[in-house]
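What follows is a set of notes on a single structure, which appears directly below.
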Amino acid sequence: MSKDSIVMLCILVPLAAFFTGIGIFAWTRKKPMWFWSGSTVKESEITDVPAYNRANGIMWICFSLIYWTAAVLGIFNARAAGPVIGVGTLVGIVGLIVAYKAIYKKYRR
């Protein structure tokens with residue numbers, strides 16, 4: 001394994017684990033999970049809190065798959081992982097926003 005691959009793994013594995021952790025946290029949370037920094041979602045706003053949180057958790061876990069994929073790819077070819085991270089992050093962030101808006105709309109009272 002090259003030095004570049006080790007550096008890539010040292011960055012991507014904790015990052016992927018962080019986003020997976022957010023997904024697990026959201027999935028198991030009893031109160032509604034928020035999305036935007038500094039905002040909260042009141043229980044009175046959501047029709048089915050467990051389903052809303054499960055959808056949020058799935059959304060974050062799917063986002064983390066970009067980084068898990070890049071980490072595995074980085075083991076074999078660190079240079080190939082770069083475009084996966086770049087494109088995946090740009091598309092993924094937009095995907096998170098669109099997905100969250102759809103989730104909130106679906107479960108909003």
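Counting only residues that are surrounded by 14 or more Cβ atoms within 10 Å (Cβ to Cβ) and either over 17 Å from Trp60 (Cβ atoms) or touching a residue at least 40 places away in the same chain (Cβ under 8 Å) (or both), how many does segment 28-48 have? Full working, then the answer.
Keep residues of segment 28-48 that are surrounded by 14 or more Cβ atoms within 10 Å (Cβ to Cβ), which gives 29, 32-35, 41, 45-46.
Keeping just the survivors that are either over 17 Å from Trp60 (Cβ atoms) or touching a residue at least 40 places away in the same chain (Cβ under 8 Å) (or both) gives 35, 41, 45-46.
Residues flagged as surrounded by 14 or more Cβ atoms within 10 Å (Cβ to Cβ) and either over 17 Å from Trp60 (Cβ atoms) or touching a residue at least 40 places away in the same chain (Cβ under 8 Å) (or both) within segment 28-48 amount to 4.
The condition of being part of a helix (DSSP H, G or I), closer than 30 Å to Val7 by Cβ and of a type in the set (Phe, Trp, Tyr) holds for Trp60. Within segment 86-109, residues that are of a type in the set (Phe, Trp, Tyr) sit with their Cβ atoms under 7 Å from residues that are part of a helix (DSSP H, G or I), at 6+ positions apart or across chains, in these pairs: Tyr100/Met59; Tyr107/Ala51; Tyr107/Tyr52.
Every residue, every condition in (1) within 18 Å of Ala102 (Cβ to Cβ); (2) more than 18 Å from the chain's Cα centre (by Cα); (3) acidic (Asp, Glu), yes or no:
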residue: Ala16; (1), (2), (3): no, no, no
residue: Phe25; (1), (2), (3): no, no, no
residue: Thr28; (1), (2), (3): no, no, no
residue: Lys31; (1), (2), (3): no, yes, no
residue: Trp36; (1), (2), (3): yes, no, no
residue: Glu45; (1), (2), (3): yes, yes, yes
residue: Ile75; (1), (2), (3): no, yes, no
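Just so you know, all these numbers are worked out from the coordinates, no wet-lab data involved. Everything numeric here is computed off the predicted structure, so don't read it as measured data. Ideal geometry is used to build each Cβ from the backbone, glycine not excepted, and the neighbour counts take in all protein chains shown.
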